[in-house]
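Encoded as structure tokens, the structure appears first; notes follow it.
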Amino acid sequence: MKRFSNLALLLVAGLAANLVLISAGTSGLGTPMGDLDFAYQPWADQVVHFGTLLGISSAWVYPYPALIPILMANLATPGHLAVAWLIGRTVLMLAILVAMVLYKTSEEDRQRRYVAAYAWIGFTIALGPVSISRIDTVSVMIAVLGALALATGARLGAASFWTVAAWIKIWPVALFISIATERKNWFKVIAYGAAISVGFLVLAFLLGGNLNVFSFITGQGERGLQIEAPMATPWLWAAVLGATDAGIYYNQALLTFEVFGPAAQQIAFWLGPVQAGAVAITIALGILGNRAIDKAGAQLSETLANARRNEVIAWTALTATLDLIVFNKVGSPQFISWLAVPIILGVLLGVRRWAVASTLVLILSGLTWWVYPVVYDGILASHAFATGVLLLRNIVEVIALIYANYRLTALASKSA
């Protein structure tokens, strides 16, 4: 790896990855970057031309701070925000890569930083154009900064970055959980997160906000099972096998494909409580894992105790993120980009036995690009092969969750 520990080479790899994805997204198969033109641009136009405050006084699918990068891109290239978005995203990733390998690094952990940086590039390009053309990419970049902050010992800095990222797209709460389960730091971590969140809420209401500030949460109850969600599998295969009372339909209001059929709506409803229960179990395991370290006390050297604590943090972050994906009624392909952050975190913290988790996430990323856009039309047409590719991707998701739970449970069981 030492021969690749060169900043210029790293930046060339990062730039090349973004250029390949931009080319694939703009001139390759399908329209994987369609959200930029068909969703984000109309949203920007609503704000600019009609003064609609999405997520503040008008219902919106995302927390209102997600408007900031959309409006900034539109301000840079009015009416063509995709141009500024893709250029800006490339520049920001390169800047973060520089920070990853240079900021507060010692000679002994520099190689680890390079491994994490190349891993991010690898996961990004494996996932395909959706990894750089969705609002998720903004939350991922901010979350990577949080992982870097934690690796340098700044827990409150990590809490701050992850809270801000969660106000772009809610998933980074999974990362926040990983450090909120520590007995010594939980109060300060939660206080920082709460203070930042209160600040966002106060700003929203000062701008004329109403209960629509919370519409990104309340609006989820109306959604059905999106076809890529693992739990949609039975209805997809019922359609493949020729059932007439189950299949796929287009939800015009939410601009997404969902499944219909017996009990589909009921399962969609109950996935919310199930997901909350899964996250609660992960929180409990994280607390028990940290308790085991505290109970060991003097039996562990400071170095070993810190290494164990880092393992609990990384496995909690990965498990909680997978909880949010596997038990989600929405299964958008860009969700897989979230997993890059806990993997990067584990690499930065030097977690043992991390190769299996990293490999599973890399496989998931590649399969997801295959699902969307390569065989997506075949899935919509209920073709067996295409639906089988999606099934394989979902099976790997479940395997990853089981493995992460196994590793975290092993750490937690030491408290017994």
Practice task
Amide H neighbours of Phe257 under 5 Å, at least 5 residues apart or on other chains, H built in the peptide plane: list them.
Solution key: Ile227, Asn251
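Roughly to the nearest percent, how much of the accessible area of the chain is carbon and sulfur, given a 1.4 Å probe?
69 percent
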Problem - Centre separation in Å (Cα based) which lies between region 213-268 and region 296-322 - result: 38 Å
Handout entry: Phi-based couplings in Hz for region 402-412 (Karplus 6.51, -1.76, 1.60; Gly and Pro marked x)
Key = 4, 5, 4, 4, 4, 5, 5, 5, 4, 5, 5
Problem - Folded to 0 to 90 degrees: helix 7-27 orientation relative to the chain principal axis, Cα - result: 20 degrees
Practice task
Rounded to the nearest 10 degrees, what's the angle between the helix 302-326 long axis and the longest principal axis of the chain, both from Cα atoms, 0 to 90?
Solution key: 10 degrees
Problem - Proximal charge balance of Lys414 [Cβ under 10 Å; K/R count +1, D/E count -1] - result: +3
Practice task
Might you work out the accessible area of Arg113 for me, using a 1.4 Å probe with all protein chains in place, and round it to the nearest 10 Å²?
Solution key: 10 Å²
Problem - Value of relative contact order over region 308-387, rounded to a whole percent, pairs C-alpha under 8 Å and six or more apart - result: 29 percent
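In percent, how large is the relative contact order of the chain, given Cα pairs closer than 8 Å and 6 or more residues apart?
Working: 626 pairs, mean separation 82.8, N = 416.
Reported relative contact order: 20 percent.
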Completion exercise
So, relative contact order of region 98-249 in percent, Cα under 8 Å, 6 or more apart, is 12 percent
Practice task
Provide the net charge surrounding Val101, with neighbours chosen by a C-beta distance below 9 Å and charges set as Lys +1, Arg +1, Asp -1, Glu -1.
Solution key: +2
Handout entry: GNM top mover of Thr319, Thr52, Thr137 - the chain, alpha-carbon springs below 10 Å
Key = Thr52
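Rounded to the nearest whole Å², what accessible area per residue is found for region 1-148 with the 1.4 Å probe? Before the final figure, lay out each step's value.
Values: 6290 Å² over 148 residues.
So region 1-148 comes to 43 Å² accessible per residue, rounded to a whole number.
The values are calculated or read from the model by the stated rules, or taken from the named source; none is laboratory data. Since we're looking at a predicted model, the values are computed, not measured. Cβ: placed from backbone, ideal geometry, glycine included. Neighbour counts: every protein chain shown. Note: areas computed on protein heavy atoms with side chains; ligands, DNA, RNA excluded. Shrake-Rupley method; radii C 1.70, N 1.55, O 1.52, S 1.80 Å.
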